[in-house]
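Participant: The structure is given below, and queries will be raised subsequently.
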Amino acid sequence: MTMAELLAELKPMSIVQDLEFASELLKAAKSKKVIEFGAGAGGWILTMNHLVPDVTFIAVENFSIAFGDDWPKTKASWLLYVHNKAFAVGNDLSVTIMDKDVTEMKFKGEYDAVRFDCLTNMKDITKLIDKVMPHTSETSLFFVDDISPNTCPGRFMAFMEKSLKNELLPVWFGHKEGAWCKNINLRAELQKALCQRFGEKGMRWLEINDSVYPIYLGNDWNKR
Ligand SMILES: C[S@@+](CC[C@H](N)C(=O)[O-])C[C@H]1O[C@@H](n2cnc3c(N)ncnc32)[C@H](O)[C@@H]1O
């Protein structure tokens, strides 16, 4: 199955390059338990499930929002929908769905990766980051969709503030998605993995005050 056929079937709300980078990072960090805030119809989860082996997903969606007209509107119909989609592309799928507003989440256990694909208000996003942080490890990844300032400024500001405070380290900025981690050694390993797969040209140095941060830019800048 080609990537184009896969995306036509699973319909993630991401562009192909960002999906490829995200899957590479999940593989490099050996992430096994991934939670997504704002799972929609499961497009990103299904795509990562196809590209990265042996991951268990937790999907959080507030079904009362009814975001997509033709998307499942209950937990039961969501599970049927995603298992059918996974089967259609030849995969098993290990997933739990929570019908919950993310602002009311109570976390248990630990997640290897967290993906933010809802909330626009900077304060709400910061609160959610702070709440989930104790449920992540030194090797956890933080993916953020619509991270560019002209798409979702609140998400952009919240994650930039965390970067300035050194609470989260930027690893990769893609077309409309980015990734952070907590550990400087992990960041180096992840960026090495990106360089090996996508080339050295994406590496840049980001200067903030007196510090210089390595960052991988996975967008068209790579080609310049
Ligand atoms: C962009 S869509 C998700 C797309 C999906 N993650 C993908 O990549 O294919 C954002 C989703 O977040 C959900 N959402 C928005 N605010 C939410 C909240 N406070 N709690 C839980 N889900 C929320 C919406 O209902 C919508 O389904």
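The values are calculated or read from the model by the stated rules, or taken from the named source; none is laboratory data. Quick caveat: nothing in here was measured; it's all calculated off a predicted structure. Methodologically, a virtual Cβ is constructed for each residue, glycine included, from the backbone with ideal geometry; neighbour enumeration extends over all protein chains shown.
Participant: Residues in the range 73-96 that are outside any helix (DSSP H, G or I) and either buried (at least 20 other Cβ atoms within 10 Å of the Cβ) or not basic (Lys, Arg) (or both): how many?
Facilitator: 9
Participant: If you don't mind, there's one more thing I want to ask. Please verify whether the range 200-211 includes one or more residues that are crowded, with 19+ Cβ neighbours inside 10 Å and over 22 Å from Leu128 (Cα atoms).
Facilitator: yes
Participant: Right, something else. So which residues in the range 127-170 are loosely packed, with under 15 Cβ neighbours inside 10 Å, out of contact with any helix residue (DSSP H, G or I) (no Cβ under 8 Å at 6 or more places or on another chain) and assigned to a loop (DSSP other than H, G, I, E, B), if there are any at all?
Facilitator: Residues satisfying the conditions are Asn150, Thr151, Lys165, Asn166.
Participant: Still on this structure, I have one more. Can you name the residue in the range 97-114 that is in contact with a helix residue (DSSP H, G or I) (Cβ under 7 Å, 6 or more places away or on another chain) and in a strand (DSSP E or B) and is also farthest from Ile35 (Cα to Cα) among such residues?
Facilitator: Taking the candidates together, the pick is Asp99.
Participant: Let me ask something additional. Being under 13 Å from Arg115 (Cβ atoms) and either away from the ligand (no atom under 15 Å from the Cβ) or modelled with pLDDT of 95 or more (or both): is that true of Gly90 here?
Facilitator: Judged against the criteria, Gly90 is not a match.
Participant: Taking the conditions exactly as written (surrounded by 17 or more Cβ atoms within 10 Å (Cβ to Cβ), part of a loop (DSSP other than H, G, I, E, B), in contact (Cβ under 8 Å) with a residue 12 or more places away in the chain and touching a helix residue (DSSP H, G or I) at 6+ places or on another chain (Cβ under 7 Å)), does Leu119 satisfy them or not?
Facilitator: Yes, satisfied.
Participant: For Ile97, are the conditions met, namely being touching a Gly at 6+ places or on another chain (Cβ under 7 Å), more than 10 Å from the ligand (Cβ to nearest atom) and in contact (Cβ under 8 Å) with a residue 12 or more places away in the chain?
Facilitator: So Ile97 fails the test.
Participant: Let me ask another. If Lys192 passes every condition in (1) outside any loop (DSSP other than H, G, I, E, B); (2) closer than 19 Å to Val16 by Cα; (3) within 20 Å of the chain's Cα centre (by Cα) but one, which one does it miss?
Facilitator: (2)
Participant: Restricting to the range 43-72, name every residue that is assigned to a loop (DSSP other than H, G, I, E, B), modelled with pLDDT of 95 or more, more than 9 Å from the ligand (Cβ to nearest atom) and not acidic (Asp, Glu).
Facilitator: Hits for the range 43-72 are Val52, Val55, Pro72.
Participant: Being within 12 Å of the ligand (Cβ to nearest atom) and not in a helix (DSSP H, G or I) is true for just one of Ser31, Ser14. Which residue is that?
Facilitator: When all the criteria are applied, what remains is Ser14.
Participant: Just to be sure, is Lys106 at pLDDT below 95, over 16 Å from the mean Cα position of the chain (by Cα), within 16 Å of the ligand (Cβ to nearest atom) and farther than 15 Å from Leu26 by Cα?
Facilitator: Judged against the criteria, Lys106 is a match.
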